[in-house]
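S.K.: One structure follows; several queries about it will come next.
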Amino acid sequence: MSTLSQLALLLVGAALVNNILLTRFIALCSFFGISDNMQTSVGMSLAVIFVMMMASTATWIAYYGMLKPLGVGEFLYIPAFILVIAALVQFVEMYLRKYSPGLYRAMGIYLPLITTNCAVLAAATEAVKPGFFKMNMAYNFTLGENLIYTLGVSVGYGFALLSFTALRERLDIAPVPRALKGAPMAFIAAGLLSIGYIGLGSLFGL
Amino acid sequence: MKEFFKVLRNGLSLENPLTVLMIGLCSTLAVSTKFEGSLFMGIAVIFVLVMSNVLISAIRKFTPDEVRIPIFIVVIASFVTIVDLVLKGYFPSVYSFLGVWIPLIVVNCIVLGRAEAYAYHNGVVHSIADGIGMGLGYTIIIAGLAAFRELFGSGKLSFLGNTLVNFGAGYRGPNILLLFPGAFILFGLVIAGSHALNRRTARKEAV
């Protein structure tokens with residue numbers, strides 16, 4: 001049983017304190033890959049929030065509805081989850097292209113890329129596997145807790161991505177030493193941003 | 001045979017997945033707080049990379065082009081499951097340290113990337129070389145980063161319960177090395193160094 005305050009704590013904890021990009025390093029490929037352009041970052045963030053909510057619901061149902069009753073959850077969850085996510089992304093893409101062309105264009109090529117975005121698989125796994133998400137909460141989430149948790153994770157992803165993109169656009173015109181120009185400087189900037197997120201951790205006492 | 005070593009060396013330096021291609025970064029930064037854990041992570045990635053390269057390259061002639069990505073993913077996921085269960089059974093402490101990063105090898109861009117870019121177009125023997133080279137390139141960077149962070153961050157280096165190096169109780173290391181920002185900043189410097197090195201090699205070869 002979870003009270004409302006526990007759910008709120010879960011949301012804030014997943015979004016800010018345990019921010020998936022800056023304090024747990026999940027999905028860094030996309031973080032560094034697309035963060036040099038504000039427009040693509042917005043598209044990617046929206047697509048991630050959208051797909052993650054659907055994917056983690058689907059994998060939760062697949063795990064508790066099928067894998068666990070059949071007793072194969074322990075060793076089939078990796079292939080099962082990745083297939084569920086891949087198939088779901090494909091269906092979402094087909095549906096959007098037919099019924100909502102505007103949204104489809106906004107998300108563009110990021111939809112298929114999300115299949116290999118670690119964040120989706122990580123959130124799906126953490127909702128059902130013990131000990132991966134280290135907070136003062138039971139690990140086996142109910143469907144509702146799972147939704148709140150995923151919302152927190154994906155909003156945290158978007159928040160960190162947008163703030164870092166803004167930082168990087170400014171960094172392009174900043175005078176940095178020649179050896180550090182480009183990727184090295186981006187990493188150092190991300191490091192400084194991540195110091196800020198550590199501060200948030202002590203703020204909520206988690 | 002000469003070709004074999006050329007492919008192998010490519011992964012180590014010129015096409016190093018981490019510092020040059022910049023893929024598979026997530027696990028590198030997250031896991032590299034402990035030397036022991038990251039060494040096992042490297043071994044796990046080498047195993048998955050070599051085995052999936054071999055299998056994908058062996059079946060490349062009759063893999064339909066349209067569904068190749070799902071096939072790759074299922075192949076990779078099977079080998080990751082083997083690693084997952086072996087680590088859980090024989091090295092529980094390493095398993096709990098690596099946590100979610102073991103299943104995440106499935107979506108590690110290095111493994112899928114090499115399957116798509118190399119194993120799908122080349123023979124089995126060369127794919128083995130590519131897998132070993134890329135895997136070693138990954139392992140060296142991640143283990144080196146972890147050794148540095150653990151040694152100077154906490155003052156001692158341990159491996160499977162044995163302490164290899166100990167600076168003594170009086171050592172106060174910079175704590176930031178063990179925290180998340182330390183990983184970002186240190187890795188930024190590593191990339192800067194390796195780019196400078198590659199630039200120098202390129203200049204030398206041009207002369």
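The values are calculated or read from the model by the stated rules, or taken from the named source; none is laboratory data. What you see is a predicted model; the values in this text were computed from it and never measured. A quick note on method: Cβ atoms are made from the backbone with ideal geometry, for glycine too, and the neighbour counts reach across all protein chains shown.
S.K.: Of all the residues that make up the range B:169-200, how many are in a helix (DSSP H, G or I), of a type outside the set (A, V, I, L, M, F, W, C) and buried (at least 16 other Cβ atoms within 10 Å of the Cβ)?
M.R.: 5
S.K.: Looking at B:Leu177, B:Leu104, B:Leu136, which is the one that is touching a helix residue (DSSP H, G or I) at 6+ places or on another chain (Cβ under 7 Å) and away from every other protein chain (no Cβ under 14 Å)?
M.R.: Every option except B:Leu136 fails the conditions.
S.K.: Which of the following residues is within 14 Å of chain B (Cβ to nearest Cβ) and hydroxyl-bearing (Ser, Thr, Tyr): A:Ser35, A:Ser5, A:Ser45?
M.R.: The match here is A:Ser35.
S.K.: Restricting attention to the range A:68-82, which residues are out of contact with any Pro (no Cβ under 6 Å at 6 or more places or on another chain), within 13 Å of chain B (Cβ to nearest Cβ) and not small (Gly, Ala, Ser)?
M.R.: Matches in the range A:68-82: A:Val72, A:Glu74, A:Phe75, A:Leu76, A:Tyr77, A:Pro79, A:Phe81, A:Ile82.
S.K.: Filter the range A:170-203 down to residues that are of a type in the set (D, E, K, R) and within 10 Å of chain B (Cβ to nearest Cβ) and give me whichever is surrounded by the most Cβ atoms within 10 Å (Cβ to Cβ).
M.R.: Residues of the range A:170-203 that are of a type in the set (D, E, K, R), as a first pass: A:170, A:172, A:178, A:181.
Remaining after also requiring within 10 Å of chain B (Cβ to nearest Cβ): A:178, A:181.
On the way: A:Arg178: 9, A:Lys181: 16.
Among those that are of a type in the set (D, E, K, R) and within 10 Å of chain B (Cβ to nearest Cβ), it is A:Lys181.
S.K.: Follow-up. Of these, A:Ile78, A:Ile34, which one is surrounded by fewer than 19 Cβ atoms within 10 Å (Cβ to Cβ), touching a helix residue (DSSP H, G or I) at 6+ places or on another chain (Cβ under 7 Å) and of a type in the set (Val, Ile, Thr)? Before you say what the answer is, go through the steps one by one.
M.R.: On the way: A:Ile78 fails: surrounded by fewer than 19 Cβ atoms within 10 Å (Cβ to Cβ).
Being surrounded by fewer than 19 Cβ atoms within 10 Å (Cβ to Cβ), touching a helix residue (DSSP H, G or I) at 6+ places or on another chain (Cβ under 7 Å) and of a type in the set (Val, Ile, Thr) holds for just one of A:Ile78, A:Ile34, which is A:Ile34.
S.K.: Given the conditions (1) within 14 Å of chain A (Cβ to nearest Cβ); (2) under 27 Å from A:Ile114 (Cβ atoms); (3) in a helix (DSSP H, G or I), and given that B:Leu87 satisfies all but one, which numbered condition is not satisfied?
M.R.: (2)
S.K.: Continuing with the same structure: Can you pull out every residue in the range A:30-67 that is in a helix (DSSP H, G or I) and closer than 20 Å to A:Leu171 by Cβ? Spell out how you get there, then give the answer.
M.R.: From the range A:30-67, those in a helix (DSSP H, G or I) are A:30-34, A:38-67; that's our starting set.
Answer for the range A:30-67, where residues must be in a helix (DSSP H, G or I) and closer than 20 Å to A:Leu171 by Cβ: A:Ser30, A:Phe31, A:Phe32, A:Gly33, A:Ile34, A:Met38, A:Gln39, A:Thr40, A:Ser41, A:Val42, A:Met44, A:Ser45.
S.K.: Answer with yes or no whether B:Thr63 is among the hydroxyl-bearing types (Ser, Thr, Tyr) and either at pLDDT 85 or above or within 16 Å of the chain's Cα centre (by Cα) (or both).
M.R.: Judged against the criteria, B:Thr63 is not a match.
S.K.: Taking only the range B:93-113 into account, find how many residues are in contact (Cβ under 8 Å) with a residue 12 or more places away in the chain, touching a Gly at 6+ places or on another chain (Cβ under 7 Å) and not aliphatic (A, V, I, L, M). If you could, list the steps in order and put the result at the bottom.
M.R.: So the first thing to find is which residues in the range B:93-113 are in contact (Cβ under 8 Å) with a residue 12 or more places away in the chain, and the list is B:94, B:97-98, B:101-106, B:108-113.
Still in the list and also touching a Gly at 6+ places or on another chain (Cβ under 7 Å): B:94, B:97-98, B:108-110.
With not aliphatic (A, V, I, L, M) added as a condition, the list becomes B:97, B:108-109.
Matching residues across the range B:93-113 total 3.
S.K.: If you take just the helices (runs of 4 or more DSSP H) that sit entirely in the range A:96-206, which of them hold at least 1 residues that are modelled with pLDDT of 85 or more?
M.R.: A:143-171, A:183-204
S.K.: Among the candidates B:Thr81, B:Thr33, single out the residue that is at pLDDT 80 or above, in a loop (DSSP other than H, G, I, E, B), in contact with a helix residue (DSSP H, G or I) (Cβ under 7 Å, 6 or more places away or on another chain) and surrounded by 16 or more Cβ atoms within 10 Å (Cβ to Cβ).
M.R.: Answer to the check: B:Thr33.
S.K.: To continue, here is another question. Kindly evaluate B:Tyr120 against the criterion of being surrounded by fewer than 22 Cβ atoms within 10 Å (Cβ to Cβ) and without any contact (Cβ under 8 Å) to a residue 60 or more places away in the chain.
M.R.: When the stated conditions are applied, B:Tyr120 does not pass them.
S.K.: Sticking with this structure for a sec: Looking at (1) of a type in the set (A, V, I, L, M, F, W, C); (2) over 12 Å from the mean Cα position of the chain (by Cα); (3) crowded, with 18+ Cβ neighbours inside 10 Å, which is the only condition A:Val42 fails?
M.R.: Exception for A:Val42: condition (3).
S.K.: Looking at A:Ile61, A:Ile85, can you tell me which residue is at negative phi, within 14 Å of chain B (Cβ to nearest Cβ) and either without any contact (Cβ under 8 Å) to a residue 12 or more places away in the chain or over 11 Å from the mean Cα position of the chain (by Cα) (or both)?
M.R.: Result: A:Ile85 is the single residue among A:Ile61, A:Ile85 that is at negative phi, within 14 Å of chain B (Cβ to nearest Cβ) and either without any contact (Cβ under 8 Å) to a residue 12 or more places away in the chain or over 11 Å from the mean Cα position of the chain (by Cα) (or both).
S.K.: Further question: Got at least one residue in the range A:13-25 being out of contact with any Gly (no Cβ under 8 Å at 6 or more places or on another chain), part of a helix (DSSP H, G or I) and among the hydrophobic types (A, V, I, L, M, F, W, C)?
M.R.: The answer is no; no qualifying residue exists.
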